[in-house]
Amino acid sequence: MPNAVLEAMASGCCVVASSVGAIPDVIDDKENGFLIERFNIEQLTKTLLELNASTHLIKRTGIAARNTITKHHDIKAAWKKVHATLLQDG
């Protein structure tokens, strides 16, 4: 998972990324960002044109992205998961 994706989402940016690696684990296509199939230039072009035409869509996905990171990837949320795991193992 690229830190740049997580940081952009945490900043409320609308993220457009390739659907490779762990990125699809964080980005729900068209909900909190946009996933593009690897090397699919037509899909990338279509998505960028759609975003260019809709500031509402950019804002909506940016807000959803920030909410995703705050809820699931914030250090406080992550630490709670680590702590619970340590208690179970310990």
> Can you list the chymotrypsin sites (Phe, Trp or Tyr not before Pro) in segment 15-90 that are in a DSSP coil and have 11 or fewer other beta carbons within 10 angstrom?
Replying inline: Phe39
> Got a sec to turn the phi values of segment 19-24 into Karplus ³J(HN,Hα) couplings, 6.51 cos²θ - 1.76 cosθ + 1.60 with θ = phi - 60°, whole Hz, x for Gly and Pro?
Replying inline: 8, 10, x, 8, 4, x
> Taking amide H positions as placed 1.01 Å from N in the peptide plane, with prolines and chain starts having none, which residues 5 or more places from Gly12, or on another chain, fall under 5 Å of its amide H?
Replying inline: Arg66
> Lysine pairs in the chain with alpha-carbon atoms under 13 Å apart, 8 or more places apart or on different chains: how many are there?
Replying inline: 4
> Tell me, what ³J(HN,Hα) does each residue in segment 55-65 have, in order and in whole Hz, if you take phi through Karplus 6.51 cos²θ - 1.76 cosθ + 1.60 with θ = phi - 60° and put x for Gly and Pro?
Replying inline: 5, 4, 5, 4, 5, 4, 6, x, 5, 5, 5
> Can you give the net charge of the other residues whose Cβ lies under 14 Å from the Cβ of Ala17, counting K and R as +1 and D and E as -1?
Replying inline: -4
> Gap in Å between the Cα centre of segment 18-90 and the Cα centre of segment 1-17?
Replying inline: 7 Å
>> Using only DSSP helix segments of four residues or longer, with each worth -39500 (n - 2.57), what per-residue ellipticity at 222 nm results for the chain after dividing by its residue count and rounding to 500?
In response: -17500 deg cm²/dmol
> Counting Lys and Arg as +1 and Asp and Glu as -1, what is the net charge of the other residues whose Cβ lies under 13 Å from the Cβ of Glu7?
Replying inline: 0
>> Take Leu87 and His73, extend 7 Å from each Cα along the Cα→Cβ direction, and tell me the distance between the two endpoints in nm.
In response: 2.6 nm
> Considering amide H positions built from the backbone, and no H for Pro or chain starts, which residues 5 or more places from Ser18, or on another chain, come under 5 Å of its amide H?
Replying inline: Ile36
> Across segment 69-86, in residue order, what do the Karplus-derived ³J(HN,Hα) couplings come to in whole Hz, using 6.51 cos²θ - 1.76 cosθ + 1.60 with θ = phi - 60° and x for Gly and Pro?
Replying inline: 5, 4, 6, 10, 10, 5, 4, 5, 5, 5, 5, 4, 5, 5, 4, 4, 5, 5
> For His73, what is the net charge nearby, where nearby means another residue's Cβ is under 14 Å from its Cβ and Lys, Arg count +1, Asp, Glu -1?
Replying inline: +1
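Since every read-out is calculated from the coordinates, none of them should be taken as a lab result. Please read these numbers as outputs of a predicted model, since none were measured by experiment. Virtual Cβ from ideal backbone geometry, glycine too; neighbours counted across all protein chains shown.
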